[in-house]
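Have a look at the structure below, then the notes.
Every number here is computed from the coordinates shown, using simple stated rules; none is lab data. This is a predicted model, so every value here is computed, not measured. Backbone-built Cβ (ideal geometry, glycine too); neighbour counts: all protein chains shown.
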Amino acid sequence: MFDFKKSWHRKIFFLLAAILYITTSAIDYRYTIDGIKHGLSPEGNPVAQLYIELFGLEKGLLIYKIVLVTLVIAGAKIIDIVYARKANHPGLVAIPYWILCIGASLTLLAVGLWIKLFLSS
């Protein structure tokens with residue numbers, strides 16, 4: 001069993017969770033670009049829409065995704081560092097990984113909605 005109190009276990013889990021989150025965000029980026037280009041739906045996120053209006057569809061959405069992914073991973077890493085130093089409970093130490101995994105799950109939900117739109121058109 002993995003011991004979240006061990007530094008190298010935390011690093012492996014954090015890296016895997018970050019890779020999962022980055023991968024799902026990249027998939028969402030591609031589906032969002034295709035969905036908007038095909039007129040299936042406008043961008044529903046007002047912040048992402050602002051980036052699209054400022055920089056164009058592909059570049060704006062890419063900048064938005066990079067900023068979002070960077071902030072989420074950096075925030076999770078800060079929480080990882082804080083809990084690694086203060087928490088004695090392994091459940092608390094695992095919070096950063098859950099943040100990234102839940103973020104990946106929600107991103108996959110958005111991808112699923114794009115797929116549903118593609119299949120219904």
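In the set (1) outside any helix (DSSP H, G or I); (2) closer than 17 Å to Ala110 by Cβ, Gly39 fails one condition alone, (2). Which ones in segment 27-46 are surrounded by fewer than 14 Cβ atoms within 10 Å (Cβ to Cβ) and touching a residue at least 12 places away in the same chain (Cβ under 8 Å)? Matches in segment 27-46: Asp34, Lys37, His38, Ser41.
Taken over segment 56-70, the criterion of being surrounded by fewer than 14 Cβ atoms within 10 Å (Cβ to Cβ) and of a type in the set (Gly, Ala, Ser) is satisfied by Gly56 alone.
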